[in-house]
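Everything on this sheet refers to the single structure shown next.
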Amino acid sequence: MSKKMVSLFSFIVSDFISIFISFALAFWIRGYILPHFFPSLQQRPVFFEIYLSHAYMFLVWVIVFFYEKLYTKRYSFWDEAQLLLKSTTISFFFLMIAVFITQQYFQFSRVIIILAWIFSLIFLPILRYLIKRIDVRLNLWKKKVIIINSFNSFSILIDAINQNKTLGYEIVGCLTDNREEIGKVVSGVKVLGH
């Protein structure tokens with residue numbers, strides 16, 4: 001199995017874990033905390049098995065995340081967090097539509113769905129960040145790159161790439177527009193050619 005496929009699999013598994021934890025925590029809050037503040041919630045018990053039996057709905061997230069290229073492109077943490085906000089919101093919107101179209105709203109608590117959406121906005125970026133750091137250390141998410149730019153801009157670009165470790169880029173060298181700069185070292189990276 002290629003490194004790319006292992007990395008892709010690790011992202012999908014981490015997303016599944018994030019969504020599962022979000023729903024489990026939302027279920028726990030809905031079942032054990034909110035009824036103390038809203039007594040009417042005690043009248044309608046909710047069973048977590050209902051959510052587990054519909055785990056195939058996780059495919060909605062996978063499809064939306066693939067569409068948004070969250071499994072194929074490399075983003076900085078904050079750019080990815082912004083895309084996760086958008087993609088997760090779309091996925092939960094599709095889930096709510098499916099619940100209302102199939103008239104399953106008596107089995108599925110809107111409170112749980114909304115809480116799970118909020119928690120997933122926290123867990124998805126954090127777990128993805130951790131998985132990317134692990135994948136980079138295991139050389140699963142690393143990609144060798146050569147920077148092509150003017151000599152004066154190399155250090156800024158190299159520093160920006162090195163600050164975003166989750167991008168997984170390993171700079172092997174630079175190409176410049178000035179032949180006189182060949183062989184020099186900028187921020188620890190050698191200028192290879194013109």
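The values are calculated or read from the model by the stated rules, or taken from the named source; none is laboratory data. Note that the coordinates shown come from a computational prediction; the quantities given were computed from them, not determined experimentally. Using ideal geometry, Cβ is built from the backbone for each residue, glycine included, and neighbour counts are taken over all protein chains shown. Protein only, heavy atoms only, side chains kept; ligands, DNA and RNA dropped before computing areas. Shrake-Rupley method; radii C 1.70, N 1.55, O 1.52, S 1.80 Å.
Observations on the model:
- Within segment 59-97, the residues that satisfy the criterion of being assigned to a loop (DSSP other than H, G, I, E, B) and not polar (S, T, N, Q) are 68, 69, 70, 71, 73, 74, 75.
- Count of residues meeting criterion [in a helix (DSSP H, G or I), open to solvent by 20 Å² or more (accessible area, probe 1.4 Å) and under 22 Å from residue 169 (Cβ atoms)] in segment 123-138: 9
- Restricting segment 41-64 to residues that are over 29 Å from the mean Cα position of the chain (by Cα) and open to solvent by 70 Å² or more (accessible area, probe 1.4 Å), the residue that is modelled with the highest pLDDT is 42.
- Members of segment 160-194 found to be of a type in the set (Phe, Trp, Tyr) and more than 28 Å from residue 134 (Cα to Cα), listed by number: none
- Enumeration of residues in segment 170-182 that are modelled with pLDDT of 80 or more and open to solvent by less than 60 Å² (accessible area, probe 1.4 Å): 171, 173, 174, 175, 176
- Inside segment 183-194, residues that are part of a strand (DSSP E or B) and open to solvent by 30 Å² or more (accessible area, probe 1.4 Å) make up a count of 3.
- Those residues of segment 91-116 which are of a type in the set (A, V, I, L, M, F, W, C) and either within 14 Å of the chain's Cα centre (by Cα) or open to solvent by 80 Å² or more (accessible area, probe 1.4 Å) (or both), in sequence order: 93, 94, 100, 101, 106, 114
- The single condition among (1) open to solvent by 70 Å² or more (accessible area, probe 1.4 Å); (2) out of contact with any strand residue (DSSP E or B) (no Cβ under 6 Å at 6 or more places or on another chain) that residue 70 does not satisfy is (1).
- Filter pass, residue 132 being of a type in the set (D, E, K, R) and either over 30 Å from residue 6 (Cβ atoms) or modelled with pLDDT under 90 (or both): no
- Only one of 150, 120 that is open to solvent by less than 80 Å² (accessible area, probe 1.4 Å) and within 23 Å of residue 86 (Cα to Cα): 120
- Near pairs, Cβ below 7 angstrom, 6+ apart or cross-chain, from segment 77-101 (touching a residue at least 40 places away in the same chain (Cβ under 8 Å) and more than 20 Å from residue 112 (Cβ to Cβ)) to any residue that is surrounded by 14 or more Cβ atoms within 10 Å (Cβ to Cβ) and of a type in the set (Lys, Arg): 80/128
- Candidates 141, 117: the one that is under 28 Å from residue 172 (Cα atoms) and touching a helix residue (DSSP H, G or I) at 6+ places or on another chain (Cβ under 6 Å) is 141.
- The set of residues from segment 153-169 being farther than 26 Å from residue 5 by Cα and either assigned to a loop (DSSP other than H, G, I, E, B) or open to solvent by 50 Å² or more (accessible area, probe 1.4 Å) (or both) comprises 156, 157, 159.
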